[in-house]
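Shown next, in structure tokens, is the structure this report addresses.
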């Protein structure tokens, strides 16, 4: 029996058989894995057979909430999507704060929605409290994400309905396509393509039920605490004023911002991407996710130039890094337009910028020519070329059809040693942090469950401020494990990573305890994080992953950084990996040891599948 | 008698809906759903060429009208004047759930409680509105 937070109910939808069923959430599982990413990993391990094609009907897609969603807990707007990644073949999770979608699922009465099967024709799912329908979506197929949301709301005659759609990119199985909820994306890990493979255009939710906290008095005390912390945090006004693009001033000055396919750290046109320029050029309005007291989101307007008059979501830091400097673009208006197109087509901006920059370097080195690129001359800094390539990828048109497969597969196709500078790990493209300038991030990229995803425990602040060492291996293994675990818990309770502006690990746990009434200790929670992380690892091991996949491209390991503050540095991965595996209780080949599996309470689960 | 009034500074609203959630928490004994809110935020976000850029987020509040059409429409005199905050409130013991107040409200700010089958309106939380307390941007103010 759940006292608060959880609704205790799971919604299972099979699109092949057109069935809708509910089942009870097992309290023991909820206590062991909390929710979100944790329960998602547990279910995926149990339910996704080894070596399953991510696009097959048997491949399930998990839309997860945690115990906090729907309450007034600050920074708890998000939901998590868990799926087998069509980019890497590993487990993937993506979190997304858009549209109040996670809270809406709770208000409709569900902790999670699990979707398997493939619909015979395009459909969308309409969850209206207890009434769940699989509805025809043929007339919505082909629409952009914004058009889909508007059309479904019109069809349902309710503008308050929360809609999580895919765009044409997801329909065409572009491997880095995402689910776009308002101005936010469950972008990485290809969940949009998995939805597309199921002929599922969108999920729409309306919920009129209530969510409760087990101890509302304690909850209100915590609320007062956290609001006071936010009000007195000197970093908050800057975050609100500049949004995540504020980070760029730090990463550029420390040699961490990627430039031209991670080939260098200095960029002549950097002024055009600086936080103040982004703010002054674009911002017209601040936006918060549902229930969030820190409005870091921005609405932008392009006021002049070729994209004049477009109202769009302000690009986030990662987007500016990958579609901007990494493609040699220093005009924020072009980056914003590229971001807008990616959102409308439903593609991850990070992976898009990553694969385009890779293609440009291949072209510059003569590994591909105009014969391969449909006549396009590829060069860094070509804004028009960037927009053209995004359009071609979204349509899988000509050269775009190849790029739609993601950096790893493009590099395998092009061959000729191009894998040396194909900037991905396990098939997931690097985010906007150059590992040679921030070596702990290199370890994070190499060891994170889905590959190079910064949001599994970003190391910029721990390395720069805490360790005051961004360039050596010292202390990085323990720090990466700690950060990965922190994010593991955050993603399972489901807090936004920006909850750090108002709370620490202990406060997050206090909120979880007040809402669930369960009284987790700090020690118990750390054990839980290790359990979840190692379970994700076991999923990957079962898929055949091992140490040789925990790697970085040749460039990071062998080509010294040519310029900037990290000049001359490479990533000492091998040293860090050895320590990291020890930290985790995994063997030298990166496989969790039996004693670790036992200690973390995973033995029964693993035995079941051996 | 307090002359404080709830006021909206619209351009500061960021659409977080914390006001709706805190209102729900206060008026429904700790239950959360923004649809319970006796304050309402309308968000008009759409992206693309020449989309509107004004009034992207707009809080709607009870105007505490005087004379009050809701109170005048009530057939059972369930509306009582709270002199301490100088506004009309609904005595839920008296309310028969006929919805005539909701029909009469020109701002659509009366919310029907489905479980109890009674009407609810903003009562400024008895003088210390929670929406104002938790509004992170100062879009809601309570002052003379």
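Remark: B:60, B:28 ranked as B:60, B:28, counting other beta-carbon atoms within 10 Å and listing the fewest first. For chain A, the relative contact order is 16 percent, taking Cα pairs closer than 8 Å that sit 6 or more residues apart in sequence and dividing their mean separation by the residue count. With the cut-off at under 15 Å, measuring from each backbone N in the stretch B:81-107 to a point 7 Å along the Cα-to-Cβ line of residue B:29 picks out B:92-93. Between the stretch A:15-30 and the stretch A:409-481, what is the separation of their alpha carbon centroids in Å? That distance is 36 Å. Take the Cα of residue B:54, step 7 Å toward its Cβ, do the same at residue A:578, and the gap between the two points is 6.7 nm.
Calculated mean residue ellipticity, 222 nm, the protein assembly as shown: -9500 deg cm²/dmol, from DSSP H runs (n ≥ 4) at -39500 (n - 2.57) each, averaged per residue and rounded to 500. Going from the fewest other Cβ atoms within 10 Å to the most, the residues A:25, A:322, A:105, A:11 appear in the order A:25, A:11, A:105, A:322.
By the beta-carbon count within 10 Å of each Cβ, the least crowded to most crowded order of A:179, A:332, A:597, fewest first, is A:597, A:332, A:179.
With the simple model of a label 7 Å out from the Cα in the direction of the Cβ, residue A:235 to residue B:7 spans 3.5 nm. Spin-label model, residue A:504 to residue A:391: label points 7 Å out along the Cα-to-beta-carbon direction sit 5.3 nm apart. Centre-to-centre separation between the Cα atoms of the stretch A:510-571 and those of the stretch A:151-201: 28 Å.
Which FRET efficiency value, to the nearest 0.05, do you get for residue A:474 and residue A:284 by plugging their Cβ-Cβ distance into 1/(1 + (r/R0)^6) with R0 = 41 Å? The computed FRET efficiency comes out at 0.35. For residue B:76 and residue B:115, what is the calculated FRET efficiency with R₀ set at 25 Å and r taken between the beta-carbons, to the nearest 0.05? So, using R0 = 25 Å, E works out to roughly 0.80. Its residue count N fixes a reference of 2.2 N^0.38 Å for the stretch A:236-426, and the Cα radius of gyration divided by that reference is 1.02. What is the helix-to-structure angle for B:18-27, meaning the angle in degrees between its Cα long axis and the longest Cα principal axis of chain B, kept from 0 to 90 and rounded to the nearest 10? Around 20 degrees separate the two axes.
With Cα atoms defining each centre, the stretch A:265-316 and the stretch A:45-121 are spaced 29 Å apart in the structure. Once the Cβ-Cβ distance of residue A:147 and residue A:367 is raised to the sixth power relative to R0 = 60 Å, the FRET efficiency obtained is 0.95. Note on residue A:1 and residue A:465: the extension gain reaches 162.6 nm, defined as 0.36 nm multiplied by sequence separation minus the Cα-Cα distance.
Across the alpha-carbon atoms of the stretch B:64-121, the computed radius of gyration and Dmax are 10.4, 29 angstrom. Sorted largest first, the spans of the alpha carbon positions of the protein assembly as shown along the three principal axes are 85, 61, 54 Å.
In terms of the Cα gyration tensor, with a ≥ b ≥ c the square roots of its eigenvalues, is the stretch A:457-558 rounded because a/c is under 1.5, prolate because a/b exceeds b/c, or oblate? Oblate shape, in that a/c is at least 1.5 and b/c is the bigger or equal ratio.
If the chain linking residue A:31 and residue A:249 were pulled fully straight, counting 0.36 nm for each residue of separation and taking away their Cα-Cα distance, it would gain 74.4 nm.
Read the figures in this text as sums done on the coordinates, not as results from a lab. Since the model is a prediction, treat every value here as computed from it, not as a measurement. Cβ sites come from the backbone with ideal geometry, for glycine too, and all protein chains shown count toward neighbours.
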